[in-house]
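Worksheet for the structure shown next.
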């Protein structure tokens, strides 16, 4: 008898219960593997089928938001395609990349639409969306997100403002440094031009100051912002 035969004879033999347990474990592992593969395939298929629809919905939502500050009739180009990326910017109060959209009509620059952040709201950061004309006018300003006190500081959002005829935010429409110089771009309580609600000055002050800083930065860099190729990264 050779050594291999001796080794085989010396191998421990599994009892019937042990063989049954091993069989069950292997079968369970195989079932789990098959289930995982099928589930992954189904999820991948669902993603590829719904991805175009999700992307289209996201584009519609972006255009809807942009139209809040810049009427579609103001331009004839595709804002989503004529855009550049802005890196984090202290003047805009942003800490991550954002998109800036260029509006043109008959090939001529007419406006820029971009985001800014007021970092010093009463309850934290206040997100802003601004449209600035090629002549340096702030066409419109909207609050996109905030955590200001309901019924007190949230009047900065026109949807929450009780004055539906002339919401507080509307005083920033079609106004620029030619009519309100930078040193006056503050709330009246701080000696500036813009109104604020009594007892809720912090929210208004944050939005007013942030919009002034953003307007000054965009006007200073206006030509370069329009000149960059679409989808490029702006650099100071």
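In terms of packing, defined here as the mean over residues of other Cβ atoms within 10 angstrom, the peptides 216-228, 119-131 line up highest first as 119-131, 216-228.
Among 115, 236, sorting on how many other beta-carbon atoms sit within 10 Å of each Cβ, with the fewest leading, yields 236, 115. Cα centroid separation, region 73-133 to region 135-192: 17 Å. Scaled against 2.2 N^0.38 Å for its residue count N, the alpha carbon radius of gyration of region 72-227 is 1.02.
How much length, in nm to one decimal, is gained on full extension between residue 228 and residue 64, taken as 0.36 nm per residue of separation minus their Cα-Cα distance?
Taking residue 228 through residue 64 to full extension adds about 56.6 nm, to one decimal.
Run the paramagnetic zone check for residue 73: 7 angstrom along Cα to Cβ, then residues of region 155-171 with backbone nitrogen under 16 Å. No residue passes the distance filter.
Sorting 213, 102, 166 on the 10 Å Cβ count, fewest up front, what's the list? The partial results should precede the final answer.
Values: 213 19, 102 23, 166 11.
Listed from fewest to most nearby Cβ atoms, that is 166, 213, 102.
Placing dummy labels 7 Å off each Cα toward the beta-carbon, the span from residue 81 to residue 189 is 4.8 nm.
Quick note: the coordinates plus some simple rules give every number you see, no bench work behind them. Fair warning: this is a prediction, and the values are worked out from it, not measured in the lab. Neighbour counts are summed over all protein chains in view; Cβ atoms, including those assigned to glycine, are modelled from backbone coordinates with ideal geometry.
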